[in-house]
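Comments concern the structure below.
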Amino acid sequence: MPLQQIQRQFPNRQHQGQFWPAGGLYDNILSWDVTCRHQNGLEIHFMSDDIALTGKLDHLTRKETNGTTFYGTKGWISLSRSSVQSNIPEIDQKLNNFPKNKDGGIKGENNTMGRRFVSIIKGKENELCPLDEAIVSDTISHMGDIAIRTGRKVNWDPVKGEVIGDPEANKLYFRDRRSPYII
């Protein structure tokens, strides 16, 4: 593997990751395998595609590197940019009721994203992914990154927007930006 691998494994083996080589273009996490537990008891096993595609998703008919697979008590649902599938027949049928291209992926209209972006900016239609939902999704990614970097369990307070009782982890949530990037 051409990347410098930094892997931290913990006794419970719930958080491990790999980073890009230091000094390059990226300073974020490259590969991850973490477990998140929500206050209501819901547990999420969150992993990058390089880990998920190494035998963990053999049951999928279409394996893509940009998807998410959800597992529940009744079965699984897998979603990506060009395919959807489930082992629950009635859900799989509903998910796959879309026009397909010649390789079996969901057929999209050419150049619609740019037009849709302008239409949303002009207020003519609602966004597909509201900002508040994106923030929740991104926070899960950031907490996984912080857990791997610190080697510790991270307890997030969504109301205060901070890691509970861990000033070092909170500093990682708002890292310095590299020049020329500013906010």
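Throughout, read-outs are computed from the coordinates displayed, never taken from laboratory work. Just so it is clear, the model here is predicted, and its values are computed rather than measured. Positions of Cβ are backbone-derived with ideal geometry, glycine not excepted, and every protein chain shown enters the neighbour counts.
Summary of values
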{"read-out": "Taking N as its residue count, the alpha carbon Rg of the range 133-177 over 2.2 N^0.38 Å", "value": "1.06"}
{"read-out": "Within straight-line cross-link reach of residue 102, lysines at Cα separation under 26 Å, skipping those fewer than 8 residues along the same chain", "value": "63, 94"}
{"read-out": "Residue order, fewest to most beta carbons within 10 Å, for 80, 141, 179", "value": "179, 141, 80"}
{"read-out": "Two-site label geometry, residue 183 and residue 25: point separation in nm, points 7 Å out along Cα→Cβ", "value": "2.3 nm"}
{"read-out": "Net lengthening on full extension, residue 152/residue 140 (0.36 nm per residue, minus Cα-Cα)", "value": "2.8 nm"}
